[in-house]
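Take a look at the structure below.
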Amino acid sequence: MAGNTFGTIFRVTTFGESHGAAIGVVVDGCPAGIPLELEDFTAAFNTARPSGTFETARQEPNTPEILSGVFDGKTLGTPIAVLLRNADARPHDYEALKDLYRPGHADFAYEAKYRRRDWRGGGRASGREAAARIAAGVIAKKVLAHCSIPYSAQYPVCKTGGKPLDGSTSADGENRLQHGTTLPITIQTSAIEIAGIPCNPISATDELPSEINSKLASIKQAGDSAGAIVQCTVRNVPAGLGEPVFDKLEAELAKAVLSIGSVKGIAFGAGFQLARMSGSEANAVDKNHHGGIAGGISDGKDIVFQAVIKPVPSIAQEQIMETASGDRISHAITGRHDVCLYRRIMPVIDAMVAIVLADMMLRQGTAQILKV
């Protein structure tokens, strides 16, 4: 089975199945000397942990076991292997589905490709695989915190709240950072539409507005599910990241985000609205219609994109399903499933963005490993 590895220098390989013994990740290409402790994974997994009435009841502890690549609290520069044992798997929940192809799932596609499949929750196609990505994202963010490209004085940096970042300005009044200045890259992901209702950005820790809460409750009561649109904003990305022509920054980010289960679309900056603009509108210097990327290379502005999250395909309603013998029957999916993935998918997007940026920083060749 090919296709389980992502990245060029910072390479991430995930393994394991949803209801197997464990899932995990091997990260190769991480520089040596970067601090990494088990506690570094705690916050990321806590954010992704299911909670509330609209999320799965499956509660995996996600206690990481670092098997290699770390010694005395710092990376060795060798492959880092992290294991996450499955402690709350219930394969028996899927016994009734082993000869059925669930609509909206990868059941038939996997069997068509491999002539067999793991019917226990979808195997590799399950959202459970995302925990391995989150673990890799933790390591990637540590790389971003300790591996930097100093800003050149010639590159403008977007204004933050209208205030200079370091007190300096250029002749045209644009805020600029002094030569050699570095700022931490930050990734912020928020839902901007849930169950068809546009909303102010909602983070993974925010309470839902009453209108959305009521609609999700109604959808759950009907045994159905909902989709969402999530926006990601990456700040303090230095200009110059990206490898044209086939490894453009937005192409790598798009591949990373679209590789996440349930993500069915991505748009940068103004996205599809660009098709409705004139060139003069699209080129407005006081806007960021292109999402911080030009010619496949970061331009120093915030990187902004939106991701489309499809409705969870596992629903409690009776649906028409095809059997392995080609018959069609009506069947309802039982088990533990989310109503909407808007919250639990945010840390996965964060992780994949961090992985891409860590890889691009190392590919740039001019990145500096800060003293730790």
Within region 346-369, identify whether any single residue is under 26 Å from the mean Cα position of the chain (by Cα), open to solvent by less than 50 Å² (accessible area, probe 1.4 Å) and modelled with pLDDT under 90, and answer yes or no.
yes
Asp99 fails exactly one of (1) closer than 21 Å to Ala354 by Cα; (2) in contact with a strand residue (DSSP E or B) (Cβ under 8 Å, 6 or more places away or on another chain), namely (1)
Of (1) at pLDDT 95 or above; (2) more than 20 Å from the chain's Cα centre (by Cα); (3) surrounded by 20 or more Cβ atoms within 10 Å (Cβ to Cβ), Thr78 satisfies every one except (3)
Could you check region 266-294 and list, in sequence order, the residues that are small (Gly, Ala, Ser) and either under 10 Å from Phe305 (Cβ atoms) or free of Cβ contacts under 8 Å to residues at least 12 places away in the same chain (or both)?
Ala267, Gly269, Gly271, Ala275, Ser278, Gly279, Ser280, Ala284, Gly291, Gly292, Ala294
Of the residues in region 52-75 that are of a type in the set (Val, Ile, Thr) and open to solvent by 20 Å² or more (accessible area, probe 1.4 Å), the one that is nearest to Arg120 (Cα to Cα) is Thr63
Report, ordered by the first and then the second residue, all pairs with beta carbons closer than 6 Å, sequence separation of six or more or different chains, a first member in region 69-82 that is in contact (Cβ under 8 Å) with a residue 24 or more places away in the chain, and a second member that is among the β-branched types (Val, Ile, Thr) and outside any strand (DSSP E or B).
Gly69/Thr78; Thr75/Ile34
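Which helices (runs of 4 or more DSSP H) sit wholly inside region 190-299 and have at least 2 residues that are under 19 Å from the mean Cα position of the chain (by Cα)?
249-258
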Taking Ala226 and the conditions (1) closer than 26 Å to Phe45 by Cβ; (2) open to solvent by 50 Å² or more (accessible area, probe 1.4 Å); (3) touching a residue at least 12 places away in the same chain (Cβ under 8 Å), which numbered condition does it fall short on, given that it satisfies the others?
(2)
Within region 295-321, residues of a type in the set (A, V, I, L, M, F, W, C), open to solvent by 30 Å² or more (accessible area, probe 1.4 Å) and under 19 Å from Asp350 (Cα atoms) come out as Val308
Only unsatisfied item for Val339, checking (1) surrounded by fewer than 21 Cβ atoms within 10 Å (Cβ to Cβ); (2) touching a residue at least 12 places away in the same chain (Cβ under 8 Å), is (1)
Of the listed residues (Ala332, Ala324), the one being in contact with an Asp or Glu (Cβ under 8 Å, 6 or more places away or on another chain), within 30 Å of Tyr101 (Cα to Cα) and open to solvent by 50 Å² or more (accessible area, probe 1.4 Å) is Ala324
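The values are calculated or read from the model by the stated rules, or taken from the named source; none is laboratory data. Given the structure is predicted, the values throughout are model-derived calculations rather than measurements. So basically every Cβ, Gly included, is an ideal-geometry build from the backbone, and we count neighbours across all protein chains shown. Calculation scope for accessible area: heavy atoms of the full protein, side chains included, ligands and nucleic acids excluded. Shrake-Rupley method; radii C 1.70, N 1.55, O 1.52, S 1.80 Å.
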